[in-house]
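Enquirer: Would you mind keeping the following structure in view while I ask a few things?
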Protein chains: 2
Amino acid sequence: MRRIAVETDILAKNNRLAAGNRELFGRKGVFALNLVSSPGSGKTTILERTLRDLAGKVRCGVIEGDQQTDNDAVRIAATGAPAVQVNTGAGCHLDAHMVSHAAEKFDLDHTDLLFIENVGNLVCPAAFDLGEHHKVVVLSVTEGEDKPLKYPQMFRAADVMLINKTDLLPHLEFDLERCKEMARRVTPEIVIFEVSARSGEGMADWYAWLEKGIAAAG
Amino acid sequence: MRRIAVETDILAKNNRLAAGNRELFGRKGVFALNLVSSPGSGKTTILERTLRDLAGKVRCGVIEGDQQTDNDAVRIAATGAPAVQVNTGAGCHLDAHMVSHAAEKFDLDHTDLLFIENVGNLVCPAAFDLGEHHKVVVLSVTEGEDKPLKYPQMFRAADVMLINKTDLLPHLEFDLERCKEMARRVTPEIVIFEVSARSGEGMADWYAWLEKGIAAAG
């Protein structure tokens with residue numbers, strides 16, 4: 001019981017701070033997305049391509065969460081977008097407090113779209129609201145179709161799913177329709193994009209969705 | 001501080017129970033391995049192939065950890081090996097208490113090798129000893145070479161690494177040597193096997209290592 005009480009405390013505190021972030025993003029007209037996935041699903045590669053393709057049209061910023069290294073922030077900065085690395089050390093997820101401090105480092109008055117790339121972890125980040133507009137879950141076609149059922153908390157917390165690495169489909173036994181059906185079994189209204197961040201296939205639909213969200217947030 | 005104290009309590013309790021599991025596995029001559037990885041790295045497929053290839057030579061059992069579903073236990077049972085599914089619900093890792101109860105369901109007097117397939121999570125299972133002989137981390141070549149540096153706790157806790165899905169290497173930009181170098185930077189003495197559970201490539205070396213471990217444990 002003691003363990004549960006402490007967990008409730010942590011989540012309640014996180015929710016208060018997330019509400020503060022949400023108010024800030026709303027006031028500044030920033031469309032904020034929390035990218036969650038297994039390690040290695042391609043979140044950073046999706047961001048690199050998105051930032052390059054939207055450059056000059058959309059003013060983006062990226063908060064990069066990792067246990068260690070600033071590898072991802074270095075990759076993002078190379079696209080020209082401002083990037084802030086948060087290292088969680090032993091921690092398995094970003095929390096609203098970390099995001100609130102990282103957000104201070106951006107010029108939010110001149111930011112349209114803030115990506116928050118969470119620690120690669122398909123479990124723990126599900127419980128932590130960061131104040132984002134949407135949790136976007138990325139699933140790579142190399143991971144297997146049944147992940148939505150095996151990690152239902154994450155696929156319930158997310159309302160957008162990117163199925164990435166579709167360029168590898170010819171080399172895999174991966175049933176795209178079955179995967180989408182399983183995601184919809186958990187979250188019937190989930191918005192799904194099939195993309196390859198490597199080849200660029202399917203990215204245009206994702207960009208159109210982003211621009212709609214930015215317009216609504218601004 | 002309060003949060004840290006509780007975490008210490010939980011880990012201390014887990015370590016006591018893990019010591020009990022270790023004593024049990026030692027007494028029964030069971031070689032116990034804790035398989036950890038990102039979701040979708042291919043742990044279950046590695047087990048399916050291993051169990052089929054070792055059938056008749058090695059008496060195996062499998063504890064399957066997942067947040068939800070018994071998909072993996074069903075796959076394992078189809079190989080003929082006894083399988084026990086543990087669902088962690090909201091939990092992000094197996095702990096020694098769960099393993100202790102699951103182990104009761106096996107005939108350990110007639111088991112040589114017990115695989116414990118952890119929840120797919122490259123962060124949290126690192127901290128939880130289950131009483132195993134080795135933590136075996138599985139990394140798929142689709143995940144990127146820098147995972148050992150980005151998730152150092154897990155690659156420090158593990159002393160064996162399987163690099164899986166090598167059959168996909170021709171379709172990827174994945175630098176195998178760089179990946180191994182990064183793993184050794186975290187754990188210099190890590191034992192590495194390059195395998196494809198799909199094609200069977202490299203599995204013989206893994207089996208030879210298993211048989212050596214079984215002989216030493218028995």
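The values are calculated or read from the model by the stated rules, or taken from the named source; none is laboratory data. Keep in mind that what you see is a predicted model, and the values were worked out from it rather than measured. All Cβ positions, even for glycine, are placed from backbone atoms using ideal geometry, and neighbour counts span all protein chains on display. To get the accessible areas, we keep the full protein, side chains included, count just its heavy atoms, and leave off ligands, DNA and RNA. Shrake-Rupley method; radii C 1.70, N 1.55, O 1.52, S 1.80 Å.
Enquirer: Does the range A:15-23 include one or more residues that are open to solvent by 10 Å² or more (accessible area, probe 1.4 Å), in contact with a His (Cβ under 8 Å, 6 or more places away or on another chain) and over 22 Å from A:Gly200 (Cβ atoms)?
Expert: So far as the range A:15-23 goes, yes, one or more of its residues are open to solvent by 10 Å² or more (accessible area, probe 1.4 Å), in contact with a His (Cβ under 8 Å, 6 or more places away or on another chain) and over 22 Å from A:Gly200 (Cβ atoms).
Enquirer: Output the number of residues of the range B:67-81 satisfying the condition of being closer than 11 Å to B:Glu48 by Cα, within 13 Å of chain A (Cβ to nearest Cβ) and touching a residue at least 24 places away in the same chain (Cβ under 8 Å).
Expert: Residues meeting the conditions: 2.
Enquirer: Within the range B:110-156, work out how many residues are over 16 Å from the mean Cα position of the chain (by Cα), crowded, with 24+ Cβ neighbours inside 10 Å and of a type in the set (Lys, Arg).
Expert: Looking only at that region, the number is 1.
Enquirer: Being surrounded by 14 or more Cβ atoms within 10 Å (Cβ to Cβ) and on the phi > 0 side of the Ramachandran plot is the filter here; which residues of the range A:191-218 pass it?
Expert: A:Gly202
Enquirer: Can you go through A:Gly131, A:Gly144 and tell me which one is more than 9 Å from chain B (Cβ to nearest Cβ) and on the phi > 0 side of the Ramachandran plot?
Expert: A:Gly131
Enquirer: Can you tell me which residues in the range A:51-61 are open to solvent by 30 Å² or more (accessible area, probe 1.4 Å) and not acidic (Asp, Glu)?
Expert: A:Arg52, A:Ala55, A:Gly56, A:Lys57, A:Arg59
Enquirer: If you check B:Lys43 against the conditions, is it surrounded by fewer than 16 Cβ atoms within 10 Å (Cβ to Cβ) and in contact with a strand residue (DSSP E or B) (Cβ under 6 Å, 6 or more places away or on another chain)?
Expert: When the stated conditions are applied, B:Lys43 does not pass them.
Enquirer: Of the residues A:Glu48, A:Glu64, only one is closer than 23 Å to B:Pro148 by Cβ, within 11 Å of another protein chain (Cβ to nearest Cβ), buried (at least 18 other Cβ atoms within 10 Å of the Cβ) and at pLDDT 95 or above; which?
Expert: Within the list A:Glu48, A:Glu64, the selection yields A:Glu64.
Enquirer: Moving on. Can you tell me which residue in the range A:82-128 is farthest from the other protein chains (Cβ to nearest Cβ), limited to those that are aliphatic (A, V, I, L, M) and over 24 Å from A:Ser38 (Cβ atoms)?
Expert: By that ranking, first place goes to A:Leu108.
For every residue, the table says whether it meets (1) of a type in the set (S, T, N, Q); (2) closer than 19 Å to B:Ala126 by Cα; (3) open to solvent by 10 Å² or more (accessible area, probe 1.4 Å); (4) within 15 Å of the chain's Cα centre (by Cα).
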residue: B:Gln68; (1), (2), (3), (4): yes, no, yes, no
residue: B:Arg75; (1), (2), (3), (4): no, no, yes, no
residue: B:Thr79; (1), (2), (3), (4): yes, no, yes, no
residue: B:Ala83; (1), (2), (3), (4): no, no, yes, yes
residue: B:Leu94; (1), (2), (3), (4): no, yes, no, yes
residue: B:His97; (1), (2), (3), (4): no, yes, yes, no
residue: B:Lys105; (1), (2), (3), (4): no, no, yes, no
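Enquirer: I need the full set of residues from the range A:157-174 which are open to solvent by 20 Å² or more (accessible area, probe 1.4 Å) and within 9 Å of chain B (Cβ to nearest Cβ), in order please.
Expert: A:Lys165, A:Asp167, A:Pro170, A:His171, A:Leu172, A:Glu173
Enquirer: Does the range A:175-190 include one or more residues that are more than 10 Å from every other protein chain (Cβ to nearest Cβ), out of contact with any Lys or Arg (no Cβ under 9 Å at 6 or more places or on another chain), open to solvent by less than 50 Å² (accessible area, probe 1.4 Å) and within 27 Å of B:His171 (Cβ to Cβ)?
Expert: Checked against the condition, which is being more than 10 Å from every other protein chain (Cβ to nearest Cβ), out of contact with any Lys or Arg (no Cβ under 9 Å at 6 or more places or on another chain), open to solvent by less than 50 Å² (accessible area, probe 1.4 Å) and within 27 Å of B:His171 (Cβ to Cβ), the range A:175-190 yields at least one hit.
Enquirer: If you don't mind, another one. Condition check: farther than 30 Å from A:Leu139 by Cα, open to solvent by 20 Å² or more (accessible area, probe 1.4 Å) and acidic (Asp, Glu). Does B:Asp9 satisfy that?
Expert: Considered against the rule, which asks whether it is farther than 30 Å from A:Leu139 by Cα, open to solvent by 20 Å² or more (accessible area, probe 1.4 Å) and acidic (Asp, Glu), B:Asp9 comes out as yes.
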